[in-house]
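*Asks:* Take this structure first; my questions come after.
The values are calculated or read from the model by the stated rules, or taken from the named source; none is laboratory data. Note that the coordinates shown come from a computational prediction; the quantities given were computed from them, not determined experimentally. Cβ atoms come from the backbone with ideal geometry, glycine included; neighbour counts cover every protein chain shown. Please note that ligands, DNA and RNA were not included when accessible areas were found on the heavy atoms of the full protein model with its side chains. Shrake-Rupley method; radii C 1.70, N 1.55, O 1.52, S 1.80 Å.
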Amino acid sequence: MRIDVVSIFPDYLAPLGLSLPGKAQATGLLELHVHDLRGWTRDRHRTVDDTPYGGGAGMVMKPEPWGEALDELLEPGVTLVVPTPSGEPFTQALARELATRDRLLFACGRYEGIDQRVLDEAHGRAEVREISIGDYVLNGGEVAALAITEAVVRLLPGFMGNPESLVEESHEDGLLEYPVYTKPASWRGREVPPVLLSGDHAAIAAWRHEQAVRRTAARRPDLVPASVVLDDVEVRPAR
Ligand SMILES: Oc1ccccc1-c1ccno1
């Protein structure tokens with residue numbers, strides 16, 4: 001997979017050279033290119049924003065630099081990913097979908113956003129996914145690009161040392177992950193659940209599933225499949 005990121009703060013993406021993405025680049029699984037949007041400006045002040053038509057606070061990112069950046073980078077077969085608070089929710093399912101793409105191009109907006117005409121034009125020639133990583137407001141798309149990249153890249157075949165570890169993660173089966181324990185068996189008077197020391201793999205699997213369902217019902221009732229009924233778990237109604 002090749003990932004390109006365009007930002008006015010390219011150094012923000014430096015962590016992508018570390019840990020998992022860094023390893024993937026070293027093994028050739030990932031090709032990463034970070035670009036400074038100002039490289040596509042034409043004026044001496046390298047202007048990327050201006051006041052919004054219709055008035056209002058803040059600044060809007062000008063279409064010209066983005067248009068030229070996408071002319072160069074949004075080649076056939078590239079999926080444009082635009083982090084935005086108004087995007088579709090980023091989920092593990094969406095991460096799996098994006099992991100099937102050959103190339104991703106992240107457009108990291110700042111200020112009040114990117115001139116809509118840039119996105120409208122891009123829709124006409126590429127797959128464009130406007131994505132939100134949560135219901136809160138950031139100062140720009142860079143943090144979202146980091147999060148989406150990590151969630152996607154770790155799903156690439158050959159990426160994780162042990163692909164088995166991907167199977168039982170939170171959200172992989174639609175549920176939150178069960179609680180985990182390691183040595184020592186007793187810590188500050190707290191014991192590891194005995195079933196985990198029993199060696200009874202069927203009982204361990206059953207306990208882990210029930211714990212995952214209970215945790216999901218308590219913390220994310222919106223994720224609990226309708227088929228699951230738990231008598232003694234307080235399920236707070238989805239807000
Ligand atoms: O709040 C933002 C500002 C710019 C780009 C993206 C975001 C955002 C917020 C949540 N997900 O993405």
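*Asks:* Could you tell me whether Gly87 is small (Gly, Ala, Ser), within 24 Å of Gly174 (Cα to Cα), in contact with a Lys or Arg (Cβ under 8 Å, 6 or more places away or on another chain) and in the same structural domain as Leu13 (by TED's automatic domain parsing)?
*Replies:* Spelling it out, Gly87 is indeed small (Gly, Ala, Ser), within 24 Å of Gly174 (Cα to Cα), in contact with a Lys or Arg (Cβ under 8 Å, 6 or more places away or on another chain) and in the same structural domain as Leu13 (by TED's automatic domain parsing).
*Asks:* For the subset of region 70-86 comprising residues that are surrounded by 15 or more Cβ atoms within 10 Å (Cβ to Cβ) and within 16 Å of the ligand (Cβ to nearest atom), which member is nearest to Leu146 (Cα to Cα)?
*Replies:* Pro83
*Asks:* Among the residues in region 108-118, are any within 11 Å of the ligand (Cβ to nearest atom), open to solvent by less than 10 Å² (accessible area, probe 1.4 Å) and touching a residue at least 40 places away in the same chain (Cβ under 8 Å)?
*Replies:* Yes, the conditions are met somewhere in region 108-118.
*Asks:* Residues Leu80, Leu104, Leu29: which one is in contact with a Leu (Cβ under 6 Å, 6 or more places away or on another chain), closer than 23 Å to Gly158 by Cα and not in a helix (DSSP H, G or I)?
*Replies:* Just one listed residue meets the conditions, Leu29.
*Asks:* Has region 68-82 got at least one residue that is under 30 Å from Gly174 (Cβ atoms), modelled with pLDDT of 95 or more and hydroxyl-bearing (Ser, Thr, Tyr)?
*Replies:* Yes, region 68-82 contains a residue that is under 30 Å from Gly174 (Cβ atoms), modelled with pLDDT of 95 or more and hydroxyl-bearing (Ser, Thr, Tyr).
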